[in-house]
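Heads up: the structure comes next, in structure tokens.
Readers should treat all values here as calculations from the given coordinates under stated rules, not as data from a laboratory. What you are looking at is a predicted structure, and each value in this text was computed from that prediction instead of being measured. We place every Cβ from the backbone using ideal geometry, glycine too, and count neighbours over all the protein chains shown.
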Amino acid sequence: MLDIKSSIEKINEDGYVDLSGLISTEMVDHINEKISLPMSQPHLNGQRGYIGCGCQRYLADTLSYGKEIINVYTNDFLIEFAETYAQDKVHLSNYRIYSTYPSKDFKMWWHLDNKIDTYDFEKKVFVQTVVPDDIGIIFLMYLSDVEDGGVQVVKGSHKWSSDYEREDFDHMENEFSNDIVTFNNRPKGTFVAYDYGLIHRAKPYNGGKIRTSMFGQLSPSRMPAGEPILLSSRDLLDLTPKQQQVLNFGQEATTLNWPIGDPNEFATTIVPKGIKAKIRSLFR
């Protein structure tokens, strides 16, 4: 049985807490049904689908696919937990549903997420500014059974990571290797919440099954609003005041949704091989 007090004690001590069971398997199955088609086709010219980025596919317009998805991001226990931990009202500043494919070319770096994201429209790049002393919550829920490539966290690192005022920590892996906790061989519905000053990554893997996950970052009110939140009008009428708060009603977004699609990703995902090179040449 999950309870706020013990969950806060756990995250205070270790920097993370396993909240598996918070979202039912039935709810996970409903979400998978809603996203099955769009996760199989690129988001292009009015066709709703995914945005490709390296070995990952990100669901575009994530929150528009059903109230089930909104209800996870605004779950009563999750929000009370996040607000108790941050000692402030919270809002959803970043969010994703994405699939990760095994890759021999990509290795996620050890990093933390207590930072502010903005988008530089002139240079067309996302810019991150580390905010070492801020407190917030990230959660990751598996939408598929995960054998390999699961989330990894460095137990207790939220207590010292801010001393370095940097985002990446690959250079220190040998020093914290004994504190690495890996969530592999876990079923769909596995739900991990962690302080966003905790060092973490997805475990690199180059074979096996695709991993699909749901990610959210809950930031205190003193932090910027974050990404645009796009909802279906179908889901607006019965949102509670607390849900409206978490979903940034009335607030201006302070960055763009990540990632932004690359035309070359389009050329390598849906176009027949014989004309891919020709299409790529159009985007040079």
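Mind checking the dipole of the chain: about its Cα centre, +1 per Lys or Arg Cβ, -1 per Asp or Glu Cβ, Debye to the nearest 20?
The calculation lands at about 1420 debye.
Divide the volume of the convex hull around the Cα atoms of the chain by the residue count and you get 149 Å³ per residue.
On full extension, the segment bounded by SER232 and LYS159 gains 22.3 nm, given 0.36 nm per residue less the C-alpha separation.
Here the contact order of the chain, divided by its residue count and restricted to Cα pairs under 8 Å and six or more residues apart, works out to 27 percent.
Computed on the range 35-130, with alpha-carbon pairs under 8 angstrom and 6+ residues apart, the relative contact order is 20 percent. Among the GluC sites (Glu not before Pro) in the range 90-186, those located in a DSSP loop and surrounded by at most 10 other Cβ atoms within 10 Å of their own Cβ are GLU122, GLU165.
Over the range 6-73, all Cα pairs binned in 5 Å intervals from 0 give whole-percent P(r) values of 3, 15, 19, 16, 15, 14, 10, 5, 2, 1, listed from short to long.
Label sites at MET172 and LEU44, each approximated as a point 7 angstrom past Cα along Cα to Cβ, lie 4.3 nm apart. For LYS10, the shell of other residues with beta-carbons less than 13 Å away shows a net charge of -4, using +1 for Lys and Arg and -1 for Asp and Glu. With viscosity set to 1.306 mPa s at 10 °C, what whole-number translational diffusion coefficient in µm²/s follows for the range 156-259 from Stokes-Einstein and a Kirkwood radius over Cα pairs? My calculation gives 91 µm²/s for D.
Which links in LYS10/LYS123; LYS107/LYS188; LYS5/LYS104; LYS123/LYS159; LYS89/LYS155 stretch past 32 Å when you go from one Cα to the other? In this structure, LYS10/LYS123; LYS5/LYS104; LYS123/LYS159 exceed 32 Å between Cα atoms.
Modelled spin-label separation between ASP262 and PHE249, with each label point placed 7 Å from Cα along the Cα-to-Cβ direction: 3.9 nm.
Applying 1/(1 + (r/R0)^6) with r as the Cβ-Cβ distance of HIS30 and HIS111 and R0 = 22 angstrom yields a FRET efficiency of 0.10.
Computed from label points 7 Å out along Cα-Cβ, the spacing between ILE8 and THR84 is 0.6 nm.
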